[in-house]
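First the structure, in the form of structure tokens, and then the observations on it.
The values are calculated or read from the model by the stated rules, or taken from the named source; none is laboratory data. Source: prediction; values computed, not measured. All Cβ positions, glycine included, derive from the backbone under ideal geometry; neighbour counts span all protein chains shown.
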Amino acid sequence: MKIKHLSINQASANHLPRIILLSSLIFLLSLGAVLQPPISSFSQNETKISQTKSIPKVVILTFDDNWKSQFTNARPALDKYGFKATFFVICNYVGRDNNTRMNWQDVLNLQKEGHDIESHTMNHKNLNKLSASKLDYEVGQSKTCLHNHGVVNSTIIASPYNEGWNNATVTNSIAKYYDIARSGNADIMFLHCDRWTSSQQDCRTYFSNGTLTYANRYSIRAWSHNFYDNLYSHNQTSIFNKFIQVVNKQARYNVEGSVDAIPILEYHNIDNQNTPYTTSIGLFTAEMKYLHDNGFTVLPMSAVGYNDTSKFLYLRMH
């Protein structure tokens, strides 16, 4: 049995119980169906752009907190589709919590397989609430800790709870040790940092008057999957529809073959426990399949660089 395309009709879907609809969806995906989002999910302009083959579609994958489930449950789907991701590691959480966190062998295996290992501080403290010395320890020592355990040249940090992006003290501490940082939340990020406010045209860290800019290389925003896992009470159909909407949102900005807008996806636990930091295995697998079957280029965050001359972010496309 070979199924090439599956189209969702929202009107008919509304008459099916959600659990039946989801079970059918995952079954059809496992048979090789390519999910086509309903045209009504997007504006007419978005739909027109997304159908232009020359428009690149890029997604960055990130995982936080070194949960073991990322290694055991997410990794097989990444391997299946040849995706590489960034794993943000809390140094003092490695190997703890009754083996629910990855150990150093797991972390180094991910690195050996081509994944990107980066810093998520020493102890996952809110960086806004630390003294100067403790802030420097959480930020700087985590880079040293990763290096001491065999991680090659960590140049990126993800701030715990995505806090600190609007704090100059935190930004200055991060800038001492890292090239870029993931901090703050948004559906998509902009490589030129010029879509947020009319007063900002590039990704410089400070305005000429010395105030911190809204968007810069130390405040690269991510889309939190767990926010919607909780908002929709782990209703996988609703979350999957939101996922499709978010990853396709870039189409309205990426025109004439250029890439400016990119969603950065942030995951935590990949299991079936329905906790606040959980995305189900079936849903994650379906999302990865969607990216693969719909022609997305999937990159780790190490693909993002910063040009000191143009003051723009850019992609290192492999």
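Only one of the numbered conditions (1) surrounded by 15 or more Cβ atoms within 10 Å (Cβ to Cβ); (2) closer than 29 Å to T155 by Cα is not met by A286, and that is (2). Out of the residues in segment 215-237 meeting the condition of being free of Cβ contacts under 8 Å to residues at least 12 places away in the same chain and not aromatic (F, W, Y), tell me which one is farthest from W165 (Cα to Cα). Ranking the qualifying residues of segment 215-237, first place goes to S233.
Looking across segment 43-68, the residues that are at pLDDT 85 or above and among the charged types (D, E, K, R) come down to K57, D64, D65, K68. In segment 66-109, of all residues being in contact (Cβ under 8 Å) with a residue 40 or more places away in the chain and among the hydroxyl-bearing types (S, T, Y), the one that is nearest to T279 (Cα to Cα) corresponds to S69. Considering only residues in segment 148-197 that are in a loop (DSSP other than H, G, I, E, B) and small (G, A, S), the one that is surrounded by the most Cβ atoms within 10 Å (Cβ to Cβ) turns out to be S159. Out of the residues in segment 55-110 that are touching a strand residue (DSSP E or B) at 6+ places or on another chain (Cβ under 6 Å) and of a type in the set (S, T, N, Q), which is surrounded by the most Cβ atoms within 10 Å (Cβ to Cβ)? Among those residues, the one meeting the criterion is N66. Starting from residues that are among the hydrophobic types (A, V, I, L, M, F, W, C) and out of contact with any strand residue (DSSP E or B) (no Cβ under 7 Å at 6 or more places or on another chain), keep the ones in segment 234-259 and report whichever is farthest from V58 (Cα to Cα). The selected residue is I239.
The single condition from (1) surrounded by fewer than 22 Cβ atoms within 10 Å (Cβ to Cβ); (2) touching a helix residue (DSSP H, G or I) at 6+ places or on another chain (Cβ under 8 Å); (3) among the aliphatic types (A, V, I, L, M) that I270 fails is (1).
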